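Chemist: One structure coming up, written as structure tokens, with questions to follow.
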Amino acid sequence: METNRLVTIPYAFGKCESSGRMYNFARAAAVLRGENISDRKAPGFPFDDTDPYKVLEGASYALAVQPDPKMSAYLDRLIALIASAQEPDGYLYTTRTIDPRHPHPWSGSARWVNEQDSSHELYDAGHLFEAAAAHYQATGKTNLLHVALKEADLLCKTFGPATNQLHYWPGHEIVEMGLAKLYRVTGEQRYLALAKYFLDVRGSRPGGDDYHQSRIPPVDQTEAVGHAVRAGYLYSGMADVAALTGDKDYVRAIDTIWENCVGKKLYITGGVGARPDGEAFGSNYELPNLTAYNETCAAVANDFWNERLFLLHGDAKYADVLERTLYNGLLAGVSLDGTRFFYPNPLESAGDYERSPWFGCACCPGNITRFLPSLPGYFYAQQHDGIFVNLFASGTADITLDNGRKVVLTQETRYPWDGAIKMVVATDKKSRFSIAVRIPGWARNEVVPGGLYHFMAAATNEPVTLKLNGETVPLKIEKGYAILNRRWKTGDVIELNLPMPVRRVVASENVKADAGRVALQRGPVVFCAEWPDNPDGKVRNLMLPDEQLLAATFEPSLLNGVETIKGRAFNVSKNAGGSLTKTEQDFKAIPYFAWANRGRGEMSVWIADSETGVRLP
Ligand SMILES: [Zn+2]
């Protein structure tokens, strides 16, 4: 988070400036002022406006944690620039404003006519709404919120079930989530109603397809399909609407899609979207490693979705998936120095992958930039007189209960490297409330809900323990939480210990790509073997028999300080006569999120544990 705040956010704003994304707003503003501009060239993509919105959103979340007057002033200037590019009725889409007769070829000849296909007008609006809600919540300022509400009101007039309104569905979802956020910050029912309308209308008539999740209406969908980022945003919007309206059909639909995704389409890293073709979900159990697409944005969307389902159901299994994605498939999207980004996140490399400084279609850097600073919002939740503790890291949270009691929770831990977590409670007045501490699935012998992956052997180490003021509390787990309900006073101490042995994970036999292979996990972190740490720089032909002992050690000088797993493995190759030769050698694995920070080379998450799984050089 600190690298993101100090490096990635300024870096990403710099890229938005140097690539002309701010210039697009300036040109649109000049046209609106009646100036005759000479450069009317269309932006690279009709959704280039979203990149400044996304970085602005991230910067806002960062400001909520760490005041920064210079950044705050920069945001105010940027917001003024964005506002100046908004048409009088609220429409905000620079490529059409810059040149209404020759906008980007994807934009269509008039407002909205290409929305279901490629114009991304509602996608741009959705990102504006997300940024505006974050900026308002973080700073209390309404300058960006004002711009967003003006456009949201235009959408409320333009789209809806009435005969004089348009009945298009959004081509690239996110406006649904954005409207739900505007509803949360303003309490205006019409924004929630429009979010639900955009869901209801989707697939309501012929012409839709699975790529856009528009072949059938969302309430009738049962499987995670199509473009994985669009899908993740749709499912997040469905979860918002299900939670905020209580609509039972939406609750049933979103639960069914989630079970399909987590049970049949989720990588061990928490990544989703197996296919490069269409950046899409594959069929059930189609989880190739070398060609896994796993767009960084899809991992971010997966966390949006799981957070919302947690808020809907209060079940820790969603936080389990969220945590898996966070520490593995999502975090791999950015380099350790904060300036290089992955678009796809494969689980195996033959040496051809490297992060890039930026992309023409820059969705992934923007999503990393906005998600990481929003993380504090994922650690805790509050309902009535209860607190949920979902994630673990050192820090302090100020929480207000429904009865007005103020609680300060302070965590001290080295998580995810160490499973000892100490929480100190402070209250303004001694009072009764509950603290529900998540006992992660991985600490309860469950890799993922639904059984797509399982641990090879039961952990033989010490059990999970929970102590209150030094006394052991019997573990009674409900929906993944150990619930402590009592009269709390300042100075009460909760100590959770989650043992972190190295575990071998195997996939369901339905996953052909992982047959004869194991993955290594310790705590929530998934490991991989990478070329610099193993003899000859070869890791795809390694064999790690199940009986080989593995030990974890912390290496403070490696990759900013990571836990590594070491043991002995076999390098397998074919000799001139065609028979296999096995050479025993040292083996080392690093956390998957930290790979590709030392140049190109081989990497593999899944490692053969028998000759049949070995990939010969
Ligand atoms: Zn992306």
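Chemist: Would you mind listing the helices (runs of 4 or more DSSP H) fully within the stretch 17-104 where at least 2 residues are basic (Lys, Arg)?
Modeler: The helices (runs of 4 or more DSSP H) meeting that bar are 21-32, 69-84.
Chemist: Go through the residues of the stretch 203-223 one by one and say whether even a single one is under 23 Å from residue 87 (Cα atoms), surrounded by fewer than 19 Cβ atoms within 10 Å (Cβ to Cβ) and not small (Gly, Ala, Ser). Working first, answer last.
Modeler: Filtering the stretch 203-223 down to residues under 23 Å from residue 87 (Cα atoms) leaves none.
Looking for residues that are under 23 Å from residue 87 (Cα atoms), surrounded by fewer than 19 Cβ atoms within 10 Å (Cβ to Cβ) and not small (Gly, Ala, Ser), one finds none in the stretch 203-223, hence no.
Chemist: OK, next. I'm trying to understand the selection: among the residues of the stretch 288-310, which are closer than 26 Å to residue 515 by Cα and either of a type in the set (D, E, K, R) or within 16 Å of the ligand (Cβ to nearest atom) (or both)? Working first, answer last.
Modeler: Filtering the stretch 288-310 for residues closer than 26 Å to residue 515 by Cα gives 288-296, 298-299, 302.
Passing the criteria: 292, 293, 294, 295, 296, 298, 299, 302.
Chemist: When the residues of the stretch 470-488 are narrowed to those that are surrounded by 12 or more Cβ atoms within 10 Å (Cβ to Cβ) and within 13 Å of residue 423 (Cα to Cα), which ends up farthest from the chain's Cα centre (by Cα)?
Modeler: In this case the residue turns out to be 488.
Chemist: Something else: Counting residues that are basic (Lys, Arg), which strands (runs of 3 or more DSSP E) fully inside the stretch 509-607 reach at least 1?
Modeler: On the way: elements: 517-522, 525-530, 551-555, 562-574, 580-591, 602-604.
Once the strands (runs of 3 or more DSSP E) in the stretch 509-607 are filtered for at least 1 residues that are basic (Lys, Arg), what remains is 517-522, 562-574, 580-591.
Chemist: Out of 228, 243, which single residue is under 22 Å from the mean Cα position of the chain (by Cα), away from the ligand (no atom under 16 Å from the Cβ) and not hydroxyl-bearing (Ser, Thr, Tyr)?
Modeler: Working: 228 fails: away from the ligand (no atom under 16 Å from the Cβ).
Going through 228, 243 in turn, just one is under 22 Å from the mean Cα position of the chain (by Cα), away from the ligand (no atom under 16 Å from the Cβ) and not hydroxyl-bearing (Ser, Thr, Tyr): 243.
Chemist: Moving to a separate point now. Which pairs turn up if I take residues in the stretch 211-236 that are free of Cβ contacts under 8 Å to residues at least 60 places away in the same chain and look for partners that are within 16 Å of the ligand (Cβ to nearest atom) and not in a loop (DSSP other than H, G, I, E, B) with beta carbon separation below 6 Å, at least 6 apart in sequence or on another chain?
Modeler: From the stretch 211-236, the pairs are 213/231; 213/234; 224/231; 226/280; 227/280.
Chemist: Oh, and also: I'm trying to understand the selection: among the residues of the stretch 259-276, which are free of Cβ contacts under 8 Å to residues at least 60 places away in the same chain, buried (at least 21 other Cβ atoms within 10 Å of the Cβ) and part of a helix (DSSP H, G or I)?
Modeler: In the first step, residues of the stretch 259-276 are kept if they are free of Cβ contacts under 8 Å to residues at least 60 places away in the same chain; the result is 260-261, 265, 272-275.
Checking which are buried (at least 21 other Cβ atoms within 10 Å of the Cβ) leaves us with 261, 265, 272-274.
Scanning the stretch 259-276 gives a single hit, 261.
Chemist: Still on this model: Being within 25 Å of the chain's Cα centre (by Cα) and over 21 Å from residue 233 (Cα atoms): is that true of residue 65 here? Let's see the steps before the verdict.
Modeler: Working: within 25 Å of the chain's Cα centre (by Cα): yes; over 21 Å from residue 233 (Cα atoms): yes.
In short, yes.
Chemist: Another one. Pairs, please: C-beta under 6 Å, at least 6 apart or cross-chain, first residue under 19 Å from residue 528 (Cβ atoms) and in contact (Cβ under 8 Å) with a residue 24 or more places away in the chain and in the stretch 287-307, second charged (D, E, K, R) and more than 10 Å from the ligand (Cβ to nearest atom)?
Modeler: 289/348; 290/348; 293/275
Chemist: Residues that are modelled with pLDDT of 95 or more and of a type in the set (S, T, N, Q): find the strands (runs of 3 or more DSSP E) completely inside the stretch 376-419 holding 3 or more of those. Reasoning before the result, please.
Modeler: Numbers: elements: 380-383, 386-389, 395-400, 406-413.
It comes to 406-413.
The values are calculated or read from the model by the stated rules, or taken from the named source; none is laboratory data. Keep in mind the model is a prediction, meaning the values are calculated, not measured. FYI the Cβ positions are ideal-geometry reconstructions off the backbone, even for glycines, and counts take in every protein chain you see.
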